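Take a look at the structure below.
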Amino acid sequence: MVFKRFVEIGRVAFVAFGPYEGKLVAIVDVIDQNRALVDGPCTGVKRQALPFKCLQLTDYVIKVPHSARQKYVRRAWEKAEINKKWEESSWAKKIEARKKRATMSDFDRYKVMTAKKMRNKIIKHELTVLVQRRLRLEL
Amino acid sequence: MAEGDKKKEGDKKKEGDQKKKARKHGSRNPVLVRGIGRYSRSAMYAPVTKVEKKIKERAPAKVVKTVGGDKNGGTRVVKLRKLPRYYPTEDVPRKLRSHGIKPFSQHRRKLRKSISPGTVLILLTGRHRGKRVVFLKQLGTGLLLVTGPLALNRVPLRRAHQKFCIATTTKVDISSVKIPKTLTDTYFKKKKLRRPKHQEGEIFDTEKEKYQLTEQRKADQKAVDSQLLPLIKKVPQLKGYLRSTFCLSNGVYPHKLVF
């Protein structure tokens, strides 16, 4: 298995649990085997040490020298438009969808069910049309 | 005793005295020495002017009746108010000290915050379990008045218990719906038609086991539903929602659901 995402200076990580759950941070420096100095100026995370265990690496890297000041981290972050890229990624979209699903009311669930039913009906209909056509060719 | 004279003059209470300044009430027992008054307790209690007691006319206590039948002739004196024929061992059964125990009719009725008029409820028990229903109002006993509406899910105007309903966040605006005042708990109460004078052979054969639909119920149902249905039709898909039933399936956990 080849690893594609590495812990490096400037790697943008997603905080998986803890008080900053759900936020993006940039790894600014490595403290020791378990902790990183982390900063998220554009996502509201103060510069601090976070354990690697709670970080999940993303695909994005920003160009920042190690132990760079928050001002420069912010600059690099905005230059790379990390927030915008993150919103468009399917990871973020899946999180959003999960949140929406969790706050669905009973009425919403009913509406989703009827919408799915309609959609599946259309799909099945199209499928049977194609299958019938194929069967007719084979005869 | 100048004070006694004053009292005789101003006979009938203070009605005439209202023009004068209202006299501050003080003790009418002058102090001789600190702690000792002029008049004794009984002297203070007795009225200054004697009141004539009216003698009330008493109802007759005995009646003289003539005897007919076998021992004809002669009279007997019959008491009108007889002594009781039975004395219980305790006059009033002794009650232990209790505080604030009220009868059911005076209990405080609570209503969950999530339930308000127009809320869609999911019934959990009874023959209509799983059905989604519109809440109208809370009745005097605390039960909830609820309707299907009948045309959508065959739930008539009915009472439901708060504890056995799930309140959803879906609400219909019911402020314009007028609910007839005749819909109370006594209207919905089950009728018992048991006559204890029946002969012993038919103890278990109760007459009204089956529910009889009355014209009044139909009329009330129509009155309420005719106001409700157009409101429901305004909200998209609400009609279908009320027609469907609630059920759990794989992966659906009630404690995780937001209703």
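Let's see how each residue does on (1) more than 14 Å from chain B (Cβ to nearest Cβ); (2) surrounded by 13 or more Cβ atoms within 10 Å (Cβ to Cβ); (3) on the phi > 0 side of the Ramachandran plot:
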{"position": "A:Leu55", "(1), (2), (3)": "yes, yes, no"}
{"position": "A:Glu87", "(1), (2), (3)": "yes, no, no"}
{"position": "A:Thr114", "(1), (2), (3)": "no, yes, no"}
{"position": "A:Lys117", "(1), (2), (3)": "no, no, no"}
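Any residue in segment B:83-106 that is closer than 30 Å to B:Leu229 by Cβ and modelled with pLDDT of 90 or more? No: segment B:83-106 contains no residue that is closer than 30 Å to B:Leu229 by Cβ and modelled with pLDDT of 90 or more.
Which of the following residues is within 30 Å of B:Leu136 (Cα to Cα), in contact with a strand residue (DSSP E or B) (Cβ under 7 Å, 6 or more places away or on another chain) and either assigned to a loop (DSSP other than H, G, I, E, B) or of a type outside the set (Asp, Glu) (or both): B:Arg108, B:Arg112?
Values: B:Arg108 fails: in contact with a strand residue (DSSP E or B) (Cβ under 7 Å, 6 or more places away or on another chain).
Going through B:Arg108, B:Arg112 in turn, the sole match is B:Arg112.
If only residues of segment B:233-259 that are β-branched (Val, Ile, Thr) and within 10 Å of chain A (Cβ to nearest Cβ) are counted, the one that is farthest from B:Val134 (Cα to Cα) is B:Val252.
Residues in segment B:131-139 include at least one that is among the aromatic types (Phe, Trp, Tyr), within 22 Å of B:Thr186 (Cα to Cα) and at pLDDT 95 or above. A search for C-beta distances below 8 Å between a residue of segment B:231-259 that is under 18 Å from A:Arg98 (Cα atoms) and any residue that is exposed (fewer than 15 other Cβ atoms within 10 Å of the Cβ), counting only pairs 6+ apart in sequence or on different chains, returns B:Pro254/B:Leu248; B:Lys256/A:Ala102; B:Val258/A:Ala102; B:Val258/A:Thr103; B:Val258/B:Thr169; B:Phe259/B:Thr169. Put simply, of A:Lys23, A:Lys46, A:Lys100 the only residue that is within 30 Å of B:Ala167 (Cβ to Cβ) and not hydrophobic (A, V, I, L, M, F, W, C) is A:Lys100. Among the residues here, B:Lys197 does not qualify as at pLDDT below 95 and under 20 Å from the mean Cα position of the chain (by Cα). Hey, among B:Leu80, B:Leu111, which residue is hydrophobic (A, V, I, L, M, F, W, C) and closer than 30 Å to B:Lys137 by Cα? From the options B:Leu80, B:Leu111, the qualifying one is B:Leu111.
Take the residues in segment B:163-184 that are assigned to a loop (DSSP other than H, G, I, E, B) and either buried (at least 17 other Cβ atoms within 10 Å of the Cβ) or among the hydrophobic types (A, V, I, L, M, F, W, C) (or both); name whichever of them is farthest from the other protein chains (Cβ to nearest Cβ). Let's see the steps before the verdict.
We begin by selecting, within segment B:163-184, every residue assigned to a loop (DSSP other than H, G, I, E, B); these are B:172-184.
Right, trim to either buried (at least 17 other Cβ atoms within 10 Å of the Cβ) or among the hydrophobic types (A, V, I, L, M, F, W, C) (or both) and you get B:172, B:174, B:177, B:179, B:183.
Numbers: B:Val172: 11, B:Ile174: 16, B:Val177: 20, B:Ile179: 23, B:Leu183: 27 Å.
Here the answer is B:Leu183.
Among the residues of segment A:37-47, those that are farther than 13 Å from A:Arg11 by Cα and surrounded by 14 or more Cβ atoms within 10 Å (Cβ to Cβ) comprise A:Pro41, A:Cys42, A:Thr43, A:Val45, A:Arg47.
The values are calculated or read from the model by the stated rules, or taken from the named source; none is laboratory data. What you see is a predicted model; the values in this text were computed from it and never measured. Note: ideal-geometry Cβ built from the backbone for every residue, glycine included; neighbour counts use all protein chains shown.
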